[in-house]
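Computed from the coordinates by the stated procedures, all read-outs in this text should not be read as laboratory data. Please read all numbers here as calculations on a predicted model, not as lab measurements. A quick note on method: Cβ atoms are made from the backbone with ideal geometry, for glycine too, and the neighbour counts reach across all protein chains shown.
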Amino acid sequence: MKLPEKVNILLLGGGGREHALARSLAASPRCGRLHIAPGNAGTSACGTNVDIEATNFGAIKQFVLNHGVGLVVVGPEEPLTKGIVDFFESDPELKFVPVAGPDEAGARLEGSKDFAKGFMTRHSIPTAAYRTFTKEDVADGEAFLATLRPPYVLKADGLAAGKGVIIAPTLDEARAELREMLGGKFGAAGSRVVIEEYMHGIECSVFVATDGAGYRILPVAKDYKRVGEGDTGPNTGGMGAVSPVPFADDGFMRRVEERIVRPTVEGLAAEGIVYRGFIFIGLMNVGGEPRVIEYNVRMGDPETEVVFPRITSDAVELFEGIVCGTLDKYELTVTPQWATTVVCVSGGYPGDYRKGLPITGLGVSGRPETIVFHAGTRRAGEQTVTAGGRVLTVTSLAATMRQALDASYRAIAGIGFEGMAFRRDIGRDLE
Ligand code: AMP
Ligand code: GLY
């Protein structure tokens, strides 16, 4: 199977990740009409925004049929964990329209921490030791906590808007947290809680494209999750990212491939899961040995904003390989340049923040090495205004990480909106 020579594409999502995917798709000679649902003010420069939410399957179906869409690319996890792939495959009118992303069974790698941990155990994939508890066995959970050394890691089993992981410094706090989580703090997502061993090390993100049998490992990246400089303050969706990652050298990446990527792809197939999409592996480098923190079933954000700009081979053909089962023929090429991205966020994020604030300076940062990706933005008349916590993410490519960072920060100096905040120390821990 192949996609049409010119394929009309519907990309679901509306963040910085989707702007980066839209830019790479639009650059391909194979890209027909590109639609982004719902998109943001930036994606409208790459294609046509469509006012449909990424989880409104009924409206997506009508759009796909009315607009001759021949490929659906899913950005965020929610449509995947809600079964958009199964929805397409079981619909007589949609079943010939390929969707890049795993089905509901595959999406459990992200949708259920307990499933993901069980999967890793079944396939001998290195990860933190763990046990799962429900409210019937709180006492066993507390006893298990007492066998671990601090700090204590507790994870709500289901999706909890990125807030379901608690690192508790003391045993008392961990016990209290366990009771609160099983008592309904995260709703149904916390009806089961995974307690696991804390891993000491430095994190990186490995992205794998797979068609269910073959795979390609995309450029490795590191993101910065805490809102404050020096990795302080609350967790966010991500405040910046760099690619490549100095400590993820050839030897490390060989171990990642042998011990983690290959057993993951083979394990999915062995369990009867046909996985056509991205696997995002959050890794801890523990003294040179990679261990899995978590899986996600989509690309990362803001990692996509440094990974995709480094990919020089055709993006539509990458997706063709994923959905048609021909990835083994896809030649992935990557620039040796460094990519960095710095996220500009609304004042107050990740807490409460204002929306609708005009953004200035977007027209003037026209340096070739810098790309201003939009995340939470929208058009309001002639203006572009803020519409989310993460507003812009400013990516640069250069021969060194420092040059790329300097270019991103220079571009940010010319951009502004009331209350804009960003971290000035992206990449500094790697220098
Ligand atoms: P997750 O939502 O699973 O990515 O967890 C959020 C963050 O918590 C991760 O990015 C890590 O920084 C941290 N974390 C999760 N699990 C562990 C662990 N077992 N050991 C150390 N840190 C962890
Ligand atoms: N940057 C982390 C994520 O996309 O989950």
- Percent RCO, i.e. relative contact order, over the range 357-416, from Cα pairs under 8 Å lying at least 6 residues apart: 39
- Item | Length added when fully stretched, THR400-GLU197, from 0.36 nm per residue minus Cα-Cα | 69.5 nm
- Divide by every residue of the chain the summed helix terms, -39500 (n - 2.57) for each DSSP H run of at least 4, and state the resulting mean residue ellipticity at 222 nm, rounded to the nearest 500 deg cm²/dmol. -7000 deg cm²/dmol
- With a cut-off of at most 13 other beta carbons within 10 Å, and DSSP calling the residue loop, which GluC sites (Glu not before Pro) in the range 272-338 qualify? Please list them. GLU331
- Task: Would you calculate the separation in nanometres between label points at ARG410 and ASP250, each defined as 7 Å from the Cα along the Cα-to-beta-carbon direction?
- Result: 3.3
- Among VAL165, VAL153, what is the fewest-to-most ranking by other Cβ atoms within 10 Å? VAL165, VAL153
- Based on the Cα gyration tensor of the range 1-143, what are the three equivalent ellipsoid semi-axes, each the root of five times an eigenvalue, rounded to whole Å and given largest first? 35, 16, 15
- Relative compactness, the range 31-98, computed as alpha-carbon Rg over 2.2 N^0.38 Å: 1.07
- For the range 156-233, what is the convex hull (Cα atoms) projected area averaged across all directions, in square nanometres? 7.6
- By the Cα gyration tensor axes a ≥ b ≥ c (a/c under 1.5 gives rounded; else a/b larger than b/c gives prolate, otherwise oblate), the shape of the range 270-315 is oblate
- Task: Would you mind pulling out the separation of the Cα centroids of the range 235-265 and the range 328-378, in Å?
- Result: 22
- Message: I need the shape label for the range 1-73. Rule: rounded when a/c is under 1.5, else prolate if a/b > b/c, else oblate, with a, b, c from the alpha carbon gyration tensor.
- Response: oblate
- With N denoting the number of residues in the range 151-287, provide Rg(C-alpha) divided by 2.2 N^0.38 Å, to two decimal places. 1.19
- Query: Tell me, what is the percent relative contact order of the chain, built from C-alpha pairs under 8 Å that lie six or more residues apart?
  - Reply: 16
- Query: For ASN66 and VAL165 in the same chain, what is the full-extension length gain: residue separation times 0.36 nm, less their Cα-Cα distance, in nm?
  - Reply: 31.5 nm
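Rounded to the nearest 0.05, what FRET efficiency is calculated for LYS95 and THR121 with R0 set to 35 Å and r the Cβ-Cβ distance?
0.55
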- Query: Dipole size in debye (nearest 20) for the range 13-83 around its Cα centre, Lys and Arg Cβ +1, Asp and Glu Cβ -1?
  - Reply: 260
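Using Cβ contacts closer than 10 Å as the measure, can you line up MET239, MET199, MET120, MET181 from fewest to most?
Ordered from fewest to most neighbouring Cβ atoms within 10 Å, MET239, MET199, MET120, MET181 come out as MET199, MET120, MET181, MET239.
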- Message: Taking 8 Å as the Cα distance limit and 6 or more residues as the minimum spacing, I'd like the relative contact order of the range 251-358 as a percentage.
- Response: 18
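Would you list LEU159, LEU65 from fewest to most Cβ contacts within 10 Å?
Values: LEU159 19, LEU65 13.
In increasing order of surrounding Cβ atoms, one gets LEU65, LEU159.
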- the chain: C-alpha gyration tensor shape, a/c 1.5 cut-off, then a/b vs b/c: rounded
- Message: With equal scatterers on the alpha carbons only and no solvent term, can you work out the Debye log10 of I(q)/I(0) for the range 183-224 at 0.16, 0.19 1/Å?
- Response: -0.80, -0.84
- Note on the structure: To the nearest 20 debye, the chain has a Cα-centred charge dipole, built from +1 on Lys and Arg Cβ and -1 on Asp and Glu Cβ, of 660
- Placing one equal point scatterer on each C-alpha of the range 200-281 and summing with Debye, one gets log10 I(q)/I(0) at q = 0.13, 0.14, 0.16, 0.26 Å⁻¹ equal to -0.50, -0.57, -0.70, -1.20
